[in-house]
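Asker: Please see the structure below; I have some questions.
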Amino acid sequence: MVVLVIVLALFFDFTNGFHDTANAMATPIATGAIKAKTAVALAAVLNLVGAFLSTEVAKTISGGIIREGGGGLAISPEMIFAGLMGAVVWNMLTWLLGLPSSSSHALFGGLIGAAIVGAGFGVINYDVVVSKVLLPAVLAPLIAGTVAFLSTRLAYRITTRKGAVANPKRGGFRYGQIFSSSLVALAHGTNDAQKTMGVITLVLVAAGTQPAGSGPLPWVIAACGLAIAIGTYTGGWRIIRTLGSGLTEVKPAQGFAAESSTASAILASSHLGFALSTTQVASGSVIGSGLGRKGAQVRWSTARRIAVGWVLTLPAAAVVGALAAAVAHLGPAGVIIDAVVGTLVIALMFLVSQRNRVSHDNAISGLDHAGEVVEIKRRKKKRKSEAQPEEKMAEQLMEAGE
Amino acid sequence: MSIDWLAFVLVAGATLAAAMVLVGTYGLGVRLLAVAADSAGARQRMVRASAFACFGVCAAAVLYGIYLIVPAFHS
């Protein structure tokens, strides 16, 4: 059982990684500041480094949302297993739809669902749900969006020179993007890898293989770091496409402003104690920077889809978590059924994703690289033979927008 | 229910200040480099040097950010 939970936790870490590559790397890939493959490799390394830099482990799995321990619910490995199942399934589904959604909300949701099945609605601290999940979900994109809007304005104000001859040379922001996006990736590694470390450590403590109150074991740190790094390197190209070109067209100065806002918001929130979701901050930044640049358009239909995804994340993961928990309560056979069904669902989603592949070579088309025109032509020809109708439409839309 | 509005205002303010410093200094650097490219002689050197000074301030701000996220630096 413990092994099963650890495997699933590491898989959750993996989905977390590829879900969140986009937060750091969507905008630099979109502006051509970093090549797509280099970007995900960079993000992967920084996530790995980040995992080793910070190993502060949470004292409760759910951060106080579920009443754990004395007077509350005893957290069992089966419950954590069911919760993780909910989180993983929802992460895979949002990835398939190309929606950036918060992995931590998915985890909270899954655990809430599993806890309700295990001990009823009374074990949930609803005010903590509001203050830690609902409110930040509204405020994070608001803060990041406003700041990104203002800093995009600032970036263009500062670099606009009088006179028709003077060249503003805003391409210089591309180099800045490398650093600003790296900072986001590093911050993500320090934040998110330790979430899984915490889960695994608490399972080991519950199983009695590790004394209570001790930190994560070295192999746990290494495994979590690796899982998130591999996930990041695999790259959630669908989400990168949504954030990098689905919401608005990103220019270097604008991308730099968005990443700076994202990095600032994450650092400020994790150090001043008002936890904000990386994903929501990053999405808010991109929208804000799109509003800030003259001539840029924000596709509100995409923004609406993302918002709907956020609203659904917690309840949907909770429903899956609850179902998994209900089955797991049947005993060892139930857990096996859970594992098999979960694997099948994930495999199915992977198969569906293969029908319309999005990868580093086609995640974002129409980079503002003049030199790539030749290559793009070649790609289009290749794609026409095998392209799905949806992809063709996206391509035509993209071309019409250029 | 206790919502920590003070923390929220603090986070919003800090985010705004940090992003403005990063974008402001880097943007100024980019602009000064562009100005330097159009000028010549001693003036060019001076403008270019101040551009890199701006990048330096920006880099320092990023390093401070890294300092903040690594707990080992401030145990």
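The values are calculated or read from the model by the stated rules, or taken from the named source; none is laboratory data. Not measured: the values here are computed from a predicted model. Methodologically, a virtual Cβ is constructed for each residue, glycine included, from the backbone with ideal geometry; neighbour enumeration extends over all protein chains shown. To get the accessible areas, we keep the full protein, side chains included, count just its heavy atoms, and leave off ligands, DNA and RNA. Shrake-Rupley method; radii C 1.70, N 1.55, O 1.52, S 1.80 Å.
Asker: In nm, to one decimal, how far is the modelled label at B:Ala17 from the one at A:Asp361, with both set 7 Å along Cα→Cβ?
Answerer: 4.9
Asker: With a 1.4 Å probe and all protein chains left in place, how much accessible area per residue does the protein assembly as shown have, in Å²?
Answerer: Here the residues of the protein assembly as shown average 43 Å² of exposed surface.
Asker: Give me the percent relative contact order of segment A:215-374, please, defined on Cα pairs under 8 angstrom at least 6 residues apart.
Answerer: The normalised contact order for segment A:215-374 reaches 26 percent.
Asker: Something else now. Taking the Cα centre of the protein assembly as shown as origin, sum charge times position over the Cβ atoms of Lys and Arg (+1) and Asp and Glu (-1), and report the length of that vector in debye to the nearest 20.
Answerer: Dipole magnitude for the protein assembly as shown comes out near 2060 debye.
Asker: Hey, another quick one. Note the buried accessible area between A and B here, summed over both chains, with a 1.4 Å probe, in Å² to the nearest 100.
Answerer: 3400
Asker: Please list, in chain and number order, the residues 5+ apart from A:Ile66 or on another chain whose amide H is under 5 Å from its amide H, with Hs placed from the backbone.
Answerer: Under 5 Å from the amide H of A:Ile66 lie the amide H atoms of A:Asn125, each far enough along the sequence or on another chain.
Asker: Within segment A:2-36, list the residues whose amide N lies under 20 Å from a label point set 7 Å along Cα→Cβ of A:Ile336.
Answerer: A:2-8
Asker: Now, a different point. Please express the shape of the protein assembly as shown as an equivalent ellipsoid: the semi-axes are the square roots of 5 times the eigenvalues of the C-alpha gyration tensor, given largest first in whole angstrom.
Answerer: 40, 26, 19
Asker: Additional query: For a test of the definition: using alpha carbon positions, the gyration tensor, and the 1.5 limit on a/c, classify segment B:5-74 as rounded, prolate or oblate. Show your work: numbers first, answer last.
Answerer: Working: a/c = 5.52, a/b = 2.21, b/c = 2.50.
The shape class here is oblate.
Asker: Which listed residue (A:Ala193, A:Ala227, A:Phe173) has the Cα farthest towards the positive end of the charge dipole for segment A:155-241, taking +1 on Lys and Arg C-beta and -1 on Asp and Glu C-beta about the Cα centre?
Answerer: Value computed over the given set: A:Phe173.
Asker: To continue, here is another question. Determine the gain in length on full extension of the stretch A:Tyr126-A:Leu351; use 0.36 nm per residue of separation and subtract their C-alpha separation, reporting nm with one decimal.
Answerer: Computed gain between A:Tyr126 and A:Leu351 is 77.2 nm.
Asker: While we're on this one: What pairs from A:Lys35/A:Lys169; A:Lys37/A:Lys132; A:Lys35/A:Lys162; A:Lys37/A:Lys195; A:Lys195/A:Lys294 go past 29 Å between their alpha carbons?
Answerer: Over 29 Å apart, Cα to Cα: A:Lys37/A:Lys132; A:Lys35/A:Lys162; A:Lys195/A:Lys294.
Asker: With r as the distance between the Cβ atoms of A:Val49 and B:Ser50 and R0 = 30 Å, compute the FRET efficiency 1/(1 + (r/R0)^6) and round to 0.05.
Answerer: The formula returns an efficiency of 0.35 here.
Asker: If you don't mind, another one. Principal axis extents for segment A:172-291, Cα atoms only, whole Å, descending order, please.
Answerer: 53, 32, 23
Asker: A drop of at least 50 square angstrom in accessible area, chain alone versus all protein chains together, probe 1.4 Å. Which residues of segment A:168-213 meet that?
Answerer: Residues passing the criterion (a loss of at least 50 Å², heavy atoms only) are A:Lys169, A:Leu183.
Asker: Starting from segment A:137-221, pick out the trypsin sites (Lys or Arg not before Pro) whose DSSP state is loop and whose Cβ has at most 10 other Cβ atoms within 10 Å.
Answerer: On the way: sites: A:Arg153, A:Arg157, A:Arg161, A:Lys162, A:Lys169, A:Arg170, A:Arg174, A:Lys195; in loops: A:Arg161, A:Lys162, A:Lys169.
Answer in residue order: A:Lys162.
Asker: First compute the accessible area of the protein assembly as shown with a 1.4 Å probe, then give the percent of it belonging to carbon and sulfur atoms.
Answerer: 68
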